[in-house]
Every structure is written in C-alpha cells, then in structure tokens.
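Everything on this sheet refers to the single structure shown next.
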Amino acid sequence: MNCPNCGPRSAYEFHCAGEYQKRPAQGAPERDWARYRYFRKNHPGEELEWWLHSKGCRCWFLARRVVASNQVVCSFWPHELGEPGTGPGGS
C-alpha cells in the first residue's frame, strides 16, 4: 500500500477506519448525524476509505479501494478532496 507520506509499504503497517463520508453541517437534524455515524453504503465496488499508517508515520489519509478484489487504486491526503474539516470524525 502507498502512504502519501512514506511511499510504498507493507499492508500490515496500515489500519482501515471505514468509508469516508461527508460530515453534516453544524445544526443539522439528528437523523443526518445518525446516518453519518451509523449507516454505511457497503457496496461491492470502489470505496473511498480512511486509513492510518499505524506502524509508520501515524498519518491519516484517504485511499480508493476496490472492495471485491481488495486492490488499492490510489491514496491521497484528505485536503486534496477540497472539503474543509476532512479528518476522521470530521477533525
């Protein structure tokens, strides 16, 4: 797997934290927050996911992965999405 900071590394150095979702705005209805927290698409195609380089630089990044084959297509920094506050849990 490719860490945007460290380059190619063993997949065993990483931890997947689940699919990326856009965080609801402050003051959004509780149902929007519940959907954000608890519901996942879980489809068999390509998925955008949060990853942590847990045994390396400890940086969070996003990776696009094909769920059926487990192939990582690309990895990049969250700010490259162009959305403010893109961090795990919205940080």
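The residues listed here are 37, 31; of these, the one that is assigned to a helix (DSSP H, G or I), exposed (fewer than 15 other Cβ atoms within 10 Å of the Cβ), at pLDDT below 90 and basic (Lys, Arg) is 37. Total residues in the stretch 1-16 satisfying the condition of being in contact (Cβ under 8 Å) with a residue 60 or more places away in the chain and either touching a Gly at 6+ places or on another chain (Cβ under 9 Å) or of a type in the set (Val, Ile, Thr) (or both): the figure is 1.
The values are calculated or read from the model by the stated rules, or taken from the named source; none is laboratory data. None of the values given here were measured: they were computed from a predicted structure. Cβ coordinates were reconstructed from backbone atoms using ideal geometry, including for glycine residues, and neighbour counts include every protein chain displayed.
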